[in-house]
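Asker: Quick one: this structure, given as structure tokens, is what I'll be asking you about.
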Amino acid sequence: MRLTVNGEPREVEVETVAALVRTLGLDLRKVAVERNLEIVPKSLFDRIALAEGDRIEIVHVIGGG
Amino acid sequence: MNAPVQTLSTADQDGWSLAGRTFRSRLIIGTGKYKDYALNAAAAEASGAEIVTVAMRRVNLSDPNQPMLVDFIDPKRFTYLPNTAGCFTGEEAVRTLRLAREAGGWELVKLEVLSNTAHLYPDMEETLRALKLLVAEGFQVMVYCTDDVVYARKLEEAGAAAIMPAAAPIGSGLGIQNQVNIRLIVEQAHIPVLVDAGVGTASDAVVAMELGCDAVLTNTAIAGAKDPIRMARAMKHAVLAGRDAYLAGRMSKKLYADPSSPLAGLI
């Protein structure tokens, strides 16, 4: 399945948001995810199925002023 | 303007309230521009700050193991204040803070809606519109703003949790450019007023506190110092000194000398 993750095209073999985040080597507790401009609540990471062409944003907190 | 006189014991316990929470430290520090997060954490410790600002950004997918802020500055010990730095519209700000709320449950946030990358002053019309969108979604919003006395009142009326006028352009370290406006904003406000942006060294923080600000927010003054940990400590003392001076009520200025030793009994 072809997705756009953080602005970059990416071919993945996963079905859920949770699986995508894990595949990318990220800690589920430390990120927030947006799918096609809508927030994906953490409680639904396991249940939200990804679809061809989804635009996913994965963000976290960094240093800032 | 002088504050009502308090006894010293009251002043010693002088905390401040922000969106229903009470804080002892009147210094908020940013977490940007440090050499690394370890130095940032040491400076946070030395500053005595209880609140730190943070930014929301894309995870670097090419290096998922790079150091993370939360592993150095514990969000359970420090109140994280997510900002909207880099946003130019209300919609971008709302989007960013929705992500912040999902990432860490943070509802106390710092709104900044920029107008121009040369001076980084906020677009106040768009800031006010963004504030209303965020308040409607239940956020408690501390608002980065110009030192415009009239807009400060409009922000308070729209439900801001705190007003945070820029004393000078972000990152400039030029100090408080318009003391009159900061004082007027403090006098009319019923919510906390913080100087945000433009503080360059400890004396700038003292001036802000002597003008009656509830707290000071600074990033570059500490991160950009040759010794950030020592500057963090200087800022800690500066806000304490400025607050005490404000509460003490300064002497009136005189045009001519007035001897401190009595003239009577001279030999």
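Taken together, the values in this text are just the output of simple stated rules run on the coordinates, not laboratory data. Bear in mind the structure is a predicted one, so any value in this text is a computation, not a measurement. All Cβ positions, even for glycine, are placed from backbone atoms using ideal geometry, and neighbour counts span all protein chains on display.
Asker: Divide by every residue of the protein assembly as shown the summed helix terms, -39500 (n - 2.57) for each DSSP H run of at least 4, and state the resulting mean residue ellipticity at 222 nm, rounded to the nearest 500 deg cm²/dmol.
Answerer: -9500 deg cm²/dmol
Asker: Among B:Asn116, B:Ala162, B:Ala197, whose Cα sits farthest toward the positive end of the charge dipole of chain B (+1 at Cβ of Lys/Arg, -1 at Cβ of Asp/Glu, about the Cα centre)?
Answerer: The residue sitting farthest along the positive end of the dipole is B:Ala197.
Asker: Rounded, prolate or oblate: which fits the stretch B:183-267 when a ≥ b ≥ c are the square roots of the eigenvalues of the alpha-carbon gyration tensor, with rounded for a/c under 1.5 and prolate only if a/b beats b/c?
Answerer: Because a/c hits 1.5 or more and a/b fails to exceed b/c, the stretch B:183-267 counts as oblate.
Asker: Next question. In the stretch B:160-267, which trypsin sites (Lys or Arg not before Pro) are in a loop and have at most 10 other Cβ atoms within 10 Å, using DSSP for the loop call?
Answerer: Loop-located and lightly packed - B:Lys226, B:Arg250, B:Lys253, B:Lys254.
Asker: If you build a Gaussian network model of chain B, linking Cα atoms that sit under 10 Å apart, which residue out of B:Ser172, B:Ser25, B:Ser62 swings the most?
Answerer: Between B:Ser172, B:Ser25, B:Ser62, it is B:Ser62 that shows the largest mean-square fluctuation.
Asker: May I pose another question? When a/c reaches 1.5 or more, the comparison of a/b and b/c decides; with that in mind, is the stretch B:43-111 rounded, prolate or oblate per its Cα gyration tensor?
Answerer: Note, shape of the stretch B:43-111 comes out oblate.
Asker: Another question, if that's okay. Multiply the residue separation of B:Lys76 and B:Asp258 by 0.36 nm, subtract the distance between their alpha-carbon atoms, and state the gained length in nm to one decimal.
Answerer: Working it through step by step, the gained length comes to 60.2 nm.
Asker: Could you give each residue of the stretch B:200-207 its phi-based ³J(HN,Hα) in whole Hz, using Karplus coefficients 6.51, -1.76, 1.60 with θ = phi - 60°, and x for Gly or Pro?
Answerer: Each residue's phi maps through the Karplus curve to give x, 7, 4, 4, 5, 5, 4, 4 Hz.
Asker: Pop out the ³J(HN,Hα) list for the stretch B:214-227 in order, Karplus 6.51 cos²θ - 1.76 cosθ + 1.60 with θ = phi - 60°, rounded to Hz; leave Gly and Pro as x.
Answerer: Residue by residue, the stretch B:214-227 yields 7, 6, 10, 10, 9, 10, 5, 4, 8, 4, x, 6, 5, 10 Hz.
Asker: While we're here: Sequence gap of 8 or more, or different chains, plus Cα separation below 25 Å: how many lysine pairs satisfy both in the protein assembly as shown?
Answerer: 22
Asker: Under the rule a/c < 1.5 gives rounded, and otherwise a/b versus b/c splits prolate from oblate, where does the stretch B:8-131 land using the Cα gyration tensor?
Answerer: Verdict is oblate for the stretch B:8-131.
Asker: Between the DSSP loop rule and a limit of at most 14 other Cβ atoms within 10 Å, which trypsin sites (Lys or Arg not before Pro) in chain A are left?
Answerer: Listed in order of number, the matching sites are A:Arg47.
Asker: Tell me which residues come under 5 Å, amide H to amide H, from A:Leu50 once H is placed; ignore anything under 5 positions away on its chain.
Answerer: Counting only residues 5 or more places away or on other chains, the set is A:Thr16, A:Val17.
Asker: Mind giving me the FRET efficiency for B:Ala136 and B:Ile267? R0 is 51 Å, r the Cβ-Cβ distance, nearest 0.05 is fine.
Answerer: 0.10
Asker: Evaluate E = 1/(1 + (r/R0)^6) for B:Ser17 and B:Arg58, where r is the Cβ-Cβ distance and R0 equals 45 Å; express this FRET efficiency to the nearest 0.05.
Answerer: Once rounded, the FRET efficiency stands at 0.80.
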